[in-house]
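Report on the structure given below.
Please treat every number below as a calculation from the coordinates, not as lab data. Small disclaimer: the values here were computed from a predicted structure and weren't measured. Virtual Cβ from ideal backbone geometry, glycine too; neighbours counted across all protein chains shown.
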Amino acid sequence: MALLTLVRHGQASFLQHNYDKLSELGELQSRILGEYWLRTGTTFDQVYYGPACRHRRTGDAVAEVYRQAGVDWPEPITLAELDEYPGIDVVRRFLPGLMETHEDIRALERDFREAGEKGLAFRMYDRLFQRIVRMWVDEELDSPDVESWKGFCDRVQQGIGRMRDQAPKNARIAVFTSGGVIGAAVRLALGLAPQRTLEVSWTARNAGYTEFLFSADRFSLSSFNNHPHLEDPDLLTYR
């Protein structure tokens with residue numbers, strides 16, 4: 001059996017002008033993952049990145065730890081299929097219209113805008129984000145300008161298929177990506193319903209990893225949301 005390890009990127013710059021950049025904590029989480037894998041003798045035959053900057057930087061931080069120790073690290077391959085679902089685009093595209101037709105969404109948007117304190121603003125945005133994205137997953141929201149939930153899951157499945165097709169026998173493969181992709185991979189292994197898949201994607205820890213075993217005719221979840229390297233509670237983040 002081959003082993004596919006999907007890593008969620010380190011903490012990004014949530015609610016900043018450029019979200020697609022690791023925060024200082026995200027950089028630290030990524031380096032600690034590399035140090036843990038190096039210490040435990042973990043090696044990979046192939047490495048893949050999603051196309052986002054936060055994916056690449058997380059993988060590069062791990063690679064730097066290996067190379068500084070004189071340990072080989074495979075040259076990464078970038079796959080567009082491993083990109084996150086377009087959650088921010090969904091909110092931007094549909095929020096104005098939903099505020100006109102849904103009183104609760106209008107109230108959530110107001111609470112977020114008036115939150116002031118950073119931690120409260122995070123929580124208010126999360127509630128607003130989840131409310132709208134759940135509607136999108138249920139196909140209540142649709143636009144030719146925004147990828148559908150089904151399109152996203154199909155895309156991830158295609159990407160996993162490409163990696164499986166190109167994997168040597170008994171290969172060990174690391175993938176640096178986002179929580180939604182991990183959720184979609186768990187869906188593929190367990191046959192989860194759409195909303196359950198979405199909920200799984202929201203539980204992935206920054207710089208945590210999930211493992212799948214696969215062969216030509218099998219794709220199975222082996223472990224989920226591992227983070228033994230993040231021993232300090234202050235390192236455990238979802239956003």
Could you size up the charge dipole of segment 30-172 around its Cα centre, putting +1 on the beta carbon of Lys and Arg and -1 on that of Asp and Glu, and report it in debye to the nearest 20?
-> 580 debye
Value of relative contact order over segment 87-137, rounded to a whole percent, pairs C-alpha under 8 Å and six or more apart = 42 percent
How do THR197, THR177 line up, fewest other C-beta atoms within 10 Å first?
-> THR197, THR177
Within segment 160-190, backbone nitrogen closer than 18 Å to the virtual label 7 Å beyond the Cα of GLU64 toward Cβ | 176-177
Length-normalised contact order for the chain - Cα pairs under 8 Å, 6+ apart - percent | 32 percent
If you line up the long axis of helix 179-190 against the longest principal axis of the chain, both from Cα atoms, how many degrees apart are they, to the nearest 10?
-> 70 degrees
When the dipole is taken about the Cα centre of the chain, and only Lys, Arg (+1) and Asp, Glu (-1) are charged at their Cβ, what size is it in debye, to the nearest 20?
-> 380 debye
For LYS21, list the lysines whose Cα falls under 21 Å from its own Cα; do not include residues on the same chain fewer than 8 positions away.
-> LYS118
Any idea which of MET99, ILE132, ILE88 is furthest toward the positive side of the dipole for segment 87-137, if Lys and Arg beta-carbons carry +1 and Asp and Glu beta-carbons -1?
-> ILE88
Given unit charges at Cβ for Lys, Arg (+) and Asp, Glu (-), the dipole magnitude of segment 32-108 about its Cα centre in debye, nearest 20, is 200 debye
From Cα coordinates alone, what are the radius of gyration and Dmax values for the chain in angstrom?
-> 18.3, 59
Please quote Rg/Rh for segment 87-137 to two decimal places, taking the Kirkwood radius as Rh and restricting both calculations to Cα atoms.
-> 0.95
Listed residues LEU79, LEU120, LEU28, most fluctuating in the chain (Gaussian network, C-alpha, under 10 Å) | LEU120
Assuming 1.002 mPa s and 20 °C, estimate D for segment 30-120 with Stokes-Einstein, Rh taken as the Kirkwood radius over Cα pairs, in µm²/s.
-> 129 µm²/s
What list of ³J(HN,Hα) couplings, whole Hz, do you get for segment 51-66 from phi and the Karplus terms 6.51, -1.76, 1.60, once you set θ to phi - 60° and write x for glycine and proline?
-> x, 6, 4, 5, 5, 4, 5, 4, x, 5, 5, 5, 4, 4, 4, 5
How far apart, in nm, are two points set 7 Å out from the Cα along the Cα-to-Cβ line at GLU211 and at ASP45?
-> 1.6 nm
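Could you give the length gained by full extension between ASP138 and ARG123, i.e. 0.36 nm per residue of separation minus their alpha carbon distance, to one decimal place?
Answer, rounded to one decimal: 3.1 nm.
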For segment 126-232 the mean separation of alpha carbon contacts under 8 Å (6+ apart) over residue count, i.e. relative contact order in percent, is 20 percent
